[in-house]
Amino acid sequence: SGPAPEVRPASPARTVPGRSGLWRHKWADRTYLAGAEAGDSTPLFIAGDGTVLETSRGNVFLLRDDGTLVTPPLRDDLLPGVTRRALLDAARDCGRPTDIRAFDVDELMGCVAFWTSSLSGAVPIESVDGTMLPRNDDQVARFAAALVFGGEPSVR
């Protein structure tokens, strides 16, 4: 059955306005990111239209009550993470429903949420702007294990 999934410490997040324009080059000039990363919480970038983009270190996912994984579509102000793609592929391969669409902070607040990156795996989002989110850290850990060890991001 493989190694037990690692339960990553949850990350508090705070909303930060996303920078306009081509964000895919955000690593070339980290001035804006460095300012956003100051503090004890993970910056959660929000587009001018109110939709959730990503964190400063990874892509954002929602886990809906019906098991569907939701992540924003790629656009000029959102990086196409390799771990995002790997999790979407793993979900497809095991029949887990996915929905690639925009969502706002209000929708995020009602769901289990986490962010992914190649360095961190899958990290639960504990709260946004001080408001606690629903949690399912065991399921998020199973997503992380599927990314590291292969296998299926189990539906339950």
Count of residues meeting criterion [assigned to a loop (DSSP other than H, G, I, E, B), touching a strand residue (DSSP E or B) at 6+ places or on another chain (Cβ under 6 Å) and small (Gly, Ala, Ser)] in segment 102-118: 1
Options Ala145, Ala141; residue that is more than 14 Å from the chain's Cα centre (by Cα), of a type in the set (Gly, Ala, Ser) and open to solvent by less than 50 Å² (accessible area, probe 1.4 Å): Ala145
Residues being β-branched (Val, Ile, Thr), open to solvent by less than 30 Å² (accessible area, probe 1.4 Å) and either over 23 Å from Ala86 (Cβ atoms) or assigned to a loop (DSSP other than H, G, I, E, B) (or both) - total across segment 119-133: 1
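The values are calculated or read from the model by the stated rules, or taken from the named source; none is laboratory data. Note that the structure is predicted; figures quoted are calculated from it, not measured. Quick reminder, even Gly has a Cβ in these numbers, built from the backbone with ideal geometry, and neighbours come from all protein chains shown. What goes into the accessible areas is simple: the full protein's heavy atoms, side chains included, and nothing from ligands, DNA or RNA. Shrake-Rupley method; radii C 1.70, N 1.55, O 1.52, S 1.80 Å.
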